[in-house]
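Have a look at the structure below, then the notes.
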Amino acid sequence: MKTLAFVLLLITVTKCHEPFQVIFQWNSIDVTWPSEEEQQFAIDHGDYVAANNFIAGIKFWKDKMYLTLPRWKDGVPVTLGVTSATPVNKVTAPKLEAFPSWEMQKIGDCSAFQFVQSMEIDPKGRMWVLDSGKMSPLSVEVKTTCPPRLVILDLENKNEILRVYEFPAQVARHGTAHLNDIVLDHEDGGMAYITDSDRDDPGIIVYSLSNNTSWKVRHDSMRAKPEAVRFMVAKTPINMPIPVDGIALSPASSTDRQVYYSPLSSFHLYSIPTSVLKSNTSNVDEHVKELGRKISQTDGMMMSAKGVLYFGLLADDAVAMWDTKQTASFATGQRVISRDHERMQWPDTFAYDADGNFYCVTNSLQNILIDRVNISTPNYRVVRARTGVKSYQYLEDGTAPEQPEIPTSVANRISLAVAVGLTILLAFVVQ
Ligand SMILES: *[C@@H]1O[C@H](CO)[C@@H](O)[C@H](O)[C@H]1NC(C)=O
Ligand SMILES: *[C@@H]1O[C@H](CO)[C@@H](O)[C@H](O)[C@H]1NC(C)=O
Ligand SMILES: *[C@@H]1O[C@H](CO)[C@@H](O)[C@H](O)[C@H]1NC(C)=O
Ligand SMILES: *[C@@H]1O[C@H](CO)[C@@H](O)[C@H](O)[C@H]1NC(C)=O
């Protein structure tokens, strides 16, 4: 009898997910300024408003943690930042460094980053950054606008810019596009699937790296649903229609890969095969699968190398999972793994590191939306749980499938040739 009880306990424990632990926690987010004068100037002129700086996107590469600070409001000097992946000297609220530089944060300069909410890093250390181009959608006047762009930087080679792609207006509308989240697919020369939460024209944008082209897939399942527009987070009412938002991709090892998505204003999870997204067909209706109902709205989601889908439940201050390999049905397979009404307010986005740790950013976004951030209390957290696996971009054994090359653009090669030519000439003249 005793033995049986012991065995049962073991089974329940192994089935349970490791609890999340708080690794970083900020009352407000600040950055390392180039100088004290510049910091003072920014504070005096409203270019830095502490309560308006919040973290959303998170990704890891080697010993660094990259975070996005979307410019939903004024006073956000840095929209893409970096810090150590683990606390240094036990500092759990580090200041962020502008990434890749202060020049790249310049507001109004369309070759710099304007509004970065998400990015993804591929297994070769190339960071794919989404820039919606528009500024401050929640401020009184919308300060526009640069074209929505995808920018790829090489973290393994001095953050060199490998690709800049401006989305054509018929794919992402200039001024209203909201490039929300991104997943990467190494097949067919490299693909990115991007949710565009544009209120009037929501959809999933497909980008082909090898052909340097893009298109948008639209479907009713990607629109906000009236039944899910209003909800409560930590006693704060939210009333805002938000279309397709979170996106996840089934693991690299799977055949017939699927993209999972959900509008924020929806109780439903959907999937569509990548083969359909890649084919640029105008009517995808017969390929969209409604997988079942969730108990709450979801922002970000992510899948592991073993096909476990993680997603937040906003009204429940919780994170849930669905092991797609264990239970084919989402309706019966989903379950809450973590709920904490204080520390898990608005689970926004997820990430893995190379050591099998799984992370979530919780940012109490409800307070930002209603302008009630109290910077005397903790608002933003990075929480972590050990899973022992890597992200969907890797195979189950932890290795990565072969990744597409990204040749530096023709223009770069020409300028390199010119530089080499000049150097030779100069060497000749000096002699
Ligand atoms: C890709 O397309 C963009 C269009 O925005 C263009 O500026 C860029 O030069 C193209 N890159 C390559 C490598 O063809
Ligand atoms: C790239 O272009 C070629 C030639 O038009 C086409 O056959 C191929 O399917 C395209 N690849 C993608 C991923 O769209
Ligand atoms: C995708 O399909 C649309 C509509 O049929 C078409 O206008 C567009 O040129 C296609 N894009 C690419 C890159 O093939
Ligand atoms: C902000 O938080 C502090 C510390 O918890 C608390 O004393 C204060 O009353 C809060 N302010 C508001 C406006 O809620």
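Numbers at a glance
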{"read-out": "Residue in region 172-182 that is in contact (Cβ under 8 Å) with a residue 24 or more places away in the chain, more than 16 Å from ligand 3 (Cβ to nearest atom), part of a strand (DSSP E or B) and within 14 Å of Asp122 (Cβ to Cβ) present", "value": "yes"}
{"read-out": "Residues that are closer than 19 Å to Val373 by Cβ and either in contact with a Leu (Cβ under 6 Å, 6 or more places away or on another chain) or of a type in the set (S, T, N, Q) (or both), drawn from region 232-246", "value": "Val233, Thr236, Asn239"}
{"read-out": "Failed criterion for Ile247 (all others in (1) more than 21 Å from the chain's Cα centre (by Cα); (2) within 15 Å of Tyr310 (Cα to Cα) hold)", "value": "(1)"}
{"read-out": "Answer from Lys289, Lys235 - the residue that is surrounded by fewer than 20 Cβ atoms within 10 Å (Cβ to Cβ), within 16 Å of ligand 4 (Cβ to nearest atom) and not polar (S, T, N, Q)", "value": "Lys235"}
{"read-out": "Residue within region 200-217 that is surrounded by fewer than 16 Cβ atoms within 10 Å (Cβ to Cβ) and in contact with a Ser or Thr (Cβ under 7 Å, 6 or more places away or on another chain) present", "value": "yes"}
{"read-out": "Qualifying positions in region 27-68 - hydrophobic (A, V, I, L, M, F, W, C) and under 16 Å from the mean Cα position of the chain (by Cα)", "value": "Phe54, Ile55, Ala56, Ile58, Phe60, Trp61, Met65, Leu67"}
{"read-out": "Strands (runs of 3 or more DSSP E) enclosed by region 266-314 - at least 2 residues per element that are away from ligand 3 (no atom under 16 Å from the Cβ) and under 20 Å from the mean Cα position of the chain (by Cα)", "value": "268-273, 301-303, 308-313"}
{"read-out": "Of all residues making up region 158-187, the number that are within 16 Å of ligand 2 (Cβ to nearest atom), touching a Lys or Arg at 6+ places or on another chain (Cβ under 6 Å) and not hydrophobic (A, V, I, L, M, F, W, C)", "value": "0"}
{"read-out": "Residue among Ser282, Ser364, Ser338, Ser376 that alone is under 27 Å from Asn27 (Cβ atoms) and exposed (fewer than 13 other Cβ atoms within 10 Å of the Cβ)", "value": "Ser376"}
{"read-out": "The one condition in (1) more than 23 Å from Asp316 (Cβ to Cβ); (2) away from ligand 3 (no atom under 16 Å from the Cβ); (3) part of a strand (DSSP E or B) that Arg199 fails to fulfil", "value": "(3)"}
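Laboratory data are not the source of any read-out in this text; all were calculated from the coordinates shown. This one's a predicted model, so the numbers in the text were calculated from it and none came from an experiment. Cβ atoms come from the backbone with ideal geometry, glycine included; neighbour counts cover every protein chain shown.
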